[in-house]
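The values are calculated or read from the model by the stated rules, or taken from the named source; none is laboratory data. On a predicted model such as this, the values are computed, not experimentally measured, just so you know. Please note: Cβ atoms are built from the backbone with ideal geometry, for glycine as well, and neighbour counts cover all protein chains shown. Surface accessibility is based on the protein's heavy atoms, side chains included, excluding ligands, DNA and RNA. Shrake-Rupley method; radii C 1.70, N 1.55, O 1.52, S 1.80 Å.
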Amino acid sequence: MWKNREQMPILETKHITKHFDGVYAVNKLSINFEAGKITGIIGPNGSGKSTLINTLTGMIPIDSGEMIVAGAERLQRVKAHEVASYGMTRTFQDVRLFEQMPVIDNILVVLTERSIWKALFEKHGALHLEKAEEVLKKVGLWDKRDELAKNLSYGQRKLLEIARVLAMIHCGVGDINIIFLDEPFAGLFPEMIKIVTGVMKELRDQGKAVILIEHNMDLIRELSDHIYVLDSGELLAEGKPGDVLARKDVIEAYLGE
Amino acid sequence: MEYIIHISILISIYAILGLSLNLVVGFTGLLSVTQAAFYGIGAYVTAILLTSTGMNFFLALIIGMAITGVCSLAIGFVLSKFKDDYYALGSFGFNVIIYSIFLNWQSLTRGPLGIPGIPRPSLFGFTFSENVWFLALSIVLLILVYFICRFITGSSFGRVLKSIREDEGAISAFGYRTLWYKLAIFVISAMMASIAGSLFASYITFIDPSSFVLSESIFILAIIILGGLANNKGAVIGAACLILLPEILRFVGFPDDIAAQMRQVVYGVILVALMLYRPQGLIGEYRL
């Protein structure tokens with residue numbers, strides 16, 4: 001088993017289990033994510049990749065098992081609104097933007113005050129606008145800032161989700177250092193893919209743990225430092241992408257033979 | 001002239017109701033049809049306090065807001081368990097419950113007999129007994145409510161409300177406790193409706209439960225859908241249109257024997273046509 005004990009994992013899962021109507025979507029999964037690394041999670045459709053991310057980010061409750069954040073905080077039940085305070089943020093596989101709001105507001109809303117009382121007496125400040133400009137320019141959407149999110153093209157919508165993750169890092173809630181990206185490349189043009197890979201490498205170099213769910217094996221090979229292969233909610237293989245992707249059982253799981 | 005003042009007072013009262021409901025439906029996306037209940041609580045508290053204790057109108061208005069606030073907090077908490085269509089049905093139920101209380105708690109509300117003889121407001125010895133002064137008071141309160149709405153919707157808080165409307169799950173994943181936001185805006189909205197209720201009770205000087213039935217809530221909803229959801233000006237314009245439209249139809253020369261029915265039909269047709277050709281309302285910024 002691959003275990004690097006010199007560096008403590010920033011997020012560990014212990015026997016995470018989630019089933020829907022008797023079918024195990026995630027079955028006793030124990031895996032680690034490290035800071036400063038891009039960890040790929042691959043597996044055929046329905047192998048539990050998104051379910052895993054959804055349980056870890058409190059979007060759906062965990063049946064059993066626990067997660068350990070930064071080696072200290074043991075969590076059995078995490079609520080969606082607390083996830084940021086544990087340093088986690090994410091994108092969604094089925095892009096979830098605030099559709100009938102301008103692009104800039106999609107970013108500002110994650111930058112501003114969380115407490116009701118302060119939010120009521122706060123108009124976003126110059127500092128927020130500066131951060132919003134920075135993250136929107138990074139993904140090339142600054143020119144589109146006044147458009148409604150629903151009017152963006154599919155690829156632009158995916159990029160806006162990436163920008164929103166970057167904004168979360170600046171938002172002052174928790175110290176965001178665990179970033180889940182659920183199929184961020186699906187449906188992107190080559191130039192857009194370049195933007196997203198650039199952002200991911202930058203996050204990794206800043207010492208963040210980046211977790212990537214992806215079907216494109218070339219990108220997985222290029223980006224991941226370590227990968228986990230899931231099949232029917234269980235861990236099939238893990239290791240360096242070059243080694244794992246050459247394994248016969250992994251190839252078979254993917255081809256469904 | 002008295003007629004125009006009367007219509008203007010009604011528009012002011014309904015504009016306050018529209019503005020208040022727009023915070024919940026237009027900005028936060030919670031399809032509530034309980035607004036007439038809060039309007040009624042404000043009206044009843046004011047009516048009872050003014051007729052039984054002779055209290056000052058403005059104090060009664062504030063007490064009405066406080067009582068409405070407490071009721072709406074409890075109702076909002078229960079409603080927060082529902083989503084979308086179920087939310088609408090749940091809020092529908094609460095309007096019916098509150099209406100039944102108005103109707104059946106006879107020792108307090110006199111039930112179907114209603115409460116007559118509600119005095120007009122007075123302040124520092126000046127009584128707003130003439131309609132023109134009452135209109136001035138209504139407009140002042142309308143302007144106050146309008147600017148509070150504008151302040152709320154223009155703040156960071158308002159932006160969070162809109163994001164709850166768009167995707168509550170996603171915004172909570174970014175660290176917001178959406179329950180508190182939904183409760184806060186629901187209570188603020190109910191307290192504004194209570195102001196309209198106090199004005200109404202004191203203006204008509206008589207209230208009975210029939211003014212606070214479910215169809216009144218639906219009328220308020222129609223105001224904001226017509227004027228435009230998530231737009232404060234839209235709520236005011238919607239109130240003006242829906243109050244004025246049947247009045248204007250009075251001047252259309254329908255034959256006397258079918259005039260009333262024709263007005264209802266034309267009114268309905270205009271609303272249906274508007275929804276067909278301009279579903280976002282006159283100046284709306286959000287479509288349901």
**Study point:** Size of charge dipole - region A:11-255 - debye, nearest 20, with Cβ of Lys, Arg +1 and Asp, Glu -1, no other charges
**Key:** 280 debye
Exercise for review: Rank these residues by their accessible area, most exposed first, probe 1.4 Å: A:ASP182, A:ASP205.
Suggested key: A:ASP205, A:ASP182
Review point. In whole Hz, what ³J(HN,Hα) sequence does region B:239-247 give by Karplus (6.51, -1.76, 1.60; θ = phi - 60°), x for Gly and Pro?
Key: 4, 4, 5, 6, 7, 6, 3, x, 5
Review point. What are the DSSP H helices in chain A that stretch 15 Å or more along their long axis, judged by alpha-carbon atoms, and whose average Kyte-Doolittle hydropathy comes to at least 0.0?
Key: A:154-169
Check your understanding: Can you pull the three principal axis extents for the Cα set of region A:1-140, in Å, largest first?
Key -> 49, 40, 33
Review point. ³J(HN,Hα) across region B:52-67 via Karplus (A = 6.51, B = -1.76, C = 1.60, θ = phi - 60°), whole Hz, x for Gly/Pro?
Key: 8, 10, x, 5, 5, 4, 5, 5, 4, 4, 6, 5, x, 4, 5, 5
Study note, to complete from the structure: Here P(r) for chain A, Cα-Cα distances in 10 Å bins, as whole percents, is 7, 30, 36, 21, 6, 1
Study note, to complete from the structure: Cα extents of region B:204-246 along the principal axes, largest first, in whole Å, come to 31, 19, 18
Practice item. Considering only protein heavy atoms, with the full assembly of protein chains and a 1.4 angstrom probe, order B:TYR14, B:TYR3 by accessible area, largest first. Key: B:TYR3, B:TYR14
Study note, to complete from the structure: Among chymotrypsin sites (Phe, Trp or Tyr not before Pro) in region A:67-164, those in a DSSP loop whose Cβ has at most 15 other Cβ atoms within 10 Å are A:PHE121
Review point. What ³J(HN,Hα) values, in whole Hz, does the Karplus curve 6.51 cos²θ - 1.76 cosθ + 1.60 give for region B:198-215 when θ = phi - 60°, with x put for Gly and Pro?
Key: 4, 4, 4, 4, 6, 6, 6, 6, 8, 10, 9, x, 5, 7, 10, 6, 4, 5
Exercise for review: Translational diffusion coefficient, Stokes-Einstein: compute it for region B:2-214 using the Kirkwood radius over C-alpha pairs as Rh, at 25 °C and 0.890 mPa s, and state it as an integer in µm² s⁻¹.
Suggested key: 140 µm²/s
Exercise for review: Please state, as a whole number in µm²/s, the translational diffusion coefficient that the Stokes-Einstein equation yields for region A:72-171 at 25 °C and 0.890 mPa s, with Rh defined as the Kirkwood radius across alpha carbon pairs.
Suggested key: 171 µm²/s
Revision key, fill the gap. Note on region A:11-255: contact order normalised by length, alpha-carbon pairs under 8 Å, 6 or more apart, percent, works out to 29 percent
Exercise for review: Would you kindly calculate the mean projected area, averaged across all directions, of the convex hull enclosing the Cα atoms of the protein assembly as shown, in square nanometres?
Suggested key: 31.0 nm²
Practice item. Report Rg/Rh for region A:37-106, rounded to two decimals, where Rg is the Cα radius of gyration and Rh the Kirkwood radius. Key: 1.01
Practice item. Please list, in chain and number order, the residues 5+ apart from B:GLY284 or on another chain whose amide H is under 5 Å from its amide H, with Hs placed from the backbone. Key: B:LEU229
Check your understanding: Given H placed 1.01 Å from N in the peptide plane, which residues other than close sequence neighbours of A:LEU230 have an amide H under 5 Å from its amide H?
Key -> A:ILE42, A:GLY43, A:LEU236
Review point. If you take the charge dipole of chain A about its Cα centre, with +1 on Lys and Arg Cβ and -1 on Asp and Glu Cβ, which of A:VAL196, A:ILE107, A:ILE42 is farthest toward its positive end?
Key: A:ILE107
Point to revise | Nonlocal amide H pairs with B:ILE207, under 5 Å, H built at 1.01 Å | key: B:ILE115
Revision key, fill the gap. Within the under-12-Å Cβ sphere about A:GLY65, not counting A:GLY65, Lys/Arg +1 and Asp/Glu -1 give a net charge of +2
